[in-house]
1. Quick one: with all protein chains in place, what share of the accessible area of the range 521-581 is carbon or sulfur, to the nearest percent (1.4 Å probe)?
2. To the nearest 10 Å², what's residue 124's accessible area with a 1.4 Å probe?
3. Under the rule that an exposed site lies in a DSSP loop and has at most 14 other Cβ atoms within 10 Å, name the longest stretch of the chain with no GluC sites (Glu not before Pro) of that kind, not counting the sites themselves.
4. Let's test the formula: R0 of 35 Å, r as the Cβ-Cβ distance of residue 396 and residue 17. What FRET efficiency results, to the nearest 0.05?
5. Computed FRET efficiency, Cβ-Cβ of residue 67 and residue 371, R0 51 Å: what is it to the nearest 0.05?
6. Per-residue ellipticity at 222 nm for the chain, helices alone: DSSP H runs ≥ 4 residues times -39500 (n - 2.57), over residue total, nearest 500 deg cm²/dmol?
7. Can you tell me the relative contact order of the chain? Whole percent, Cα pairs under 8 Å, sequence separation 6 or more.
8. For a quick check: with amide H placed at 1.01 Å from N, whose amide H comes under 5 Å from residue 539's, ignoring anything fewer than 5 positions away on the same chain?
Amino acid sequence: MSPRSFRVLFTWEKVLKAFVWIGFFILIGFTPLALASNRSVPLYIVQMTVIGAFLVWFNRSVFWGHSLTWTRSRVNLWAVLFLLVGVLQVLMPSGSFWGLSQSAYVHATIDSLMKYGIYFLVFWLVLSFVQTEKHISVLERAILVLAFAASLLGIIQKLAQADKVLWFYEIEYGKTFLTTFFSTFINPNHFAAFIGMVVLLILGRMFYLNAKKTSHHRSKRYEEKLFLIFALAVSSVALFMSLSRGGIILFTLSLFIFYWGILAEKKRTRSVAFLVLFIVSAVLMLVWIGLGPILDELGTVFQKDDVSLTSRILVWQNAFTQLFRHHPLLGTGLGTFQYVFEGAKAPVPALYGFWNHAHNDWLELFLETGILGGAVFFLMIGSFFLETWPIRSNAWDPYIRYNGAAALGAITFMILMSLYDFPLKTTACAVYFAMFAGFAVKLKQFQNEMNGAPNCLRKIDFDRPWKRVLFGGGMNILVLIWILFLTKPYLAKFEVRHDGKYYVPNLERAIWLDPQNADYHYWLGLAMEKEAFYDGEKYNPEKMEAALQEIQRAILLNPSQGMYYYGLARSYEKMRMFDRAKTEFCRAIEKSPVNPFLRMYYAIFCFNRAMAESVIYEKEITEMPLFKEGLNSYYRAKEISSSISLTMYRHSIAAFERLRKIFVRNDYVPSAEIF
């Protein structure tokens, strides 16, 4: 090789390496700041960033380095097995087979598999790309700057009582706008989980700088320690100001676990001084800002009428007893909890609402993957701690000891937070969790190499050109297919709704891009139904049949959605097929028993039919079985949500005034509750 070609090769390797570093910095900075990257566009950017960084690293290693090298870890095997459980849920035939069954909603499981794949890829990128302690320090400093900026933003916005993120971005949620955000996180609990994890990691770096005994750059080290104390105090204050009760309590508990349980240190004098300084600084800052709202929020934790805690416990009990009983081995399917739990709820008011998560990540994962997936995942967590636990007691390298203990402390805190909420369903928290786990495993590799342990790395050589072309080209094709799977559903979301309305051509294009999405078929059915009707009650039979087929297709893809059955019931009602409409209304309530609106819709259907039949057959309406059934459905709706009333739907009731008089005359409900 000539000197000129060597210089070109070396330059290209540096450029490719720089691209991977840029990918890491985008993940560190962009992921939390873009509303925790839970919305479609930020999530897609994060996914493409991770895949892009992997592709650059892979092609650089195979085609320039002629080998693949990564850190040995038992976690890799368990991660692959866990993903295979998700694949099995998708590929299983519908129905039950030897106690196993296909995912309750294949589209949701595929979407979750893509996300888990991205998080495991972040972990693997750290294992394969990070080579030295200096690399970890660079990433830690970037994380520190980001955490400090996000915390400062949250504090300022809280004090200014801002109702928009960065004072210009409104967080739309349905037909309202959320103002309960903190910093750039929509859910304050997830900000607390995120920043608590980062604080513990940076605390380890502060202890390391304090334990470092070399005189080289002592003044710079002292300045960095002071800045770390200030940044840690600001970040901790932000965590408390987020008013996350679970976050505050578990963060405090995790500090004790980290210092007295994880950090294996015999002489604690110097580290205690810095820890006390950090805590005192945070407390003084909190006192200066004001402790009133924080103490008021914490005072509700042990109240007997605490709705949040009571509801969580009811959800955990109800979800476990109902879902696990019917899907013990393979679970309901990754990402399906929000759909299947609707039909498993006990009919009590505390469970009213859309519980899209169990508020316990580990229980939710166990219910979604069953005994098989749960065992694999928890064995993976156990293998991780078994593998990395020795780094906390490294006697030779303070960097490994303190930074390793901090990574373990951060992971422990997130595990505890996930018992109370669902922070790992937030992209920013999951990406950082994977990155910190990678730091711990990588530090264990450094410790093994220092101790002279063999085979710390796994290596595959590609010394022949045909090997590089075959393996490298095949992997690039697989990754491009992965990108296609991620991109098509993303593009479909932009086709669905325009100017607040659904249009048939746009929905048809969306379904072409994302055919397994049940919502798109349901919305297409409603749009086609609207086009089928003309001159009031007249309709085109062919178009109406096509509309019904689309709604039924949605039910076939996701049979647990009560709203789909309601849409079918409304269509049959418009077609004056009342018996079939009644059947579908009952199925809708069966699928969503704690949805007061579906019960109210059914009550209105019964009242309308009863009033019409009472006129035709000259019967007393209050004695008619259909009216009594509607009345019962109305009472059940009021039990679940006392704020719901017939007045909200007066335009859907054929003779509202007549119905009101019947209710008042027979003392079914006070007149004030109707109006």
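The values are calculated or read from the model by the stated rules, or taken from the named source; none is laboratory data. Just so you know, these numbers come straight off a predicted model, no measurement behind them. All Cβ positions, glycine included, derive from the backbone under ideal geometry; neighbour counts span all protein chains shown. Surface accessibility is based on the protein's heavy atoms, side chains included, excluding ligands, DNA and RNA. Shrake-Rupley method; radii C 1.70, N 1.55, O 1.52, S 1.80 Å.
1. Values: 1560 of 3140 Å².
Within the range 521-581, the accessible surface is 50 percent carbon and sulfur.
2. In the full protein context, residue 124 sits at about 50 Å².
3. Values: sites that count: 170, 537, 618, 620.
Answer from the scan: 171-536.
4. Numbers: r = 29 Å, r/R0 = 0.83.
After rounding, the FRET efficiency stands at 0.75.
5. Values: r = 39 Å, r/R0 = 0.77.
Rounded to the nearest 0.05, the efficiency is 0.85.
6. For the chain, the value works out to -22500 deg cm²/dmol.
7. Working: 918 pairs, mean separation 108.3, N = 675.
For the chain, the relative contact order is 16 percent.
8. Distant-sequence amide H within range of residue 539: 534.
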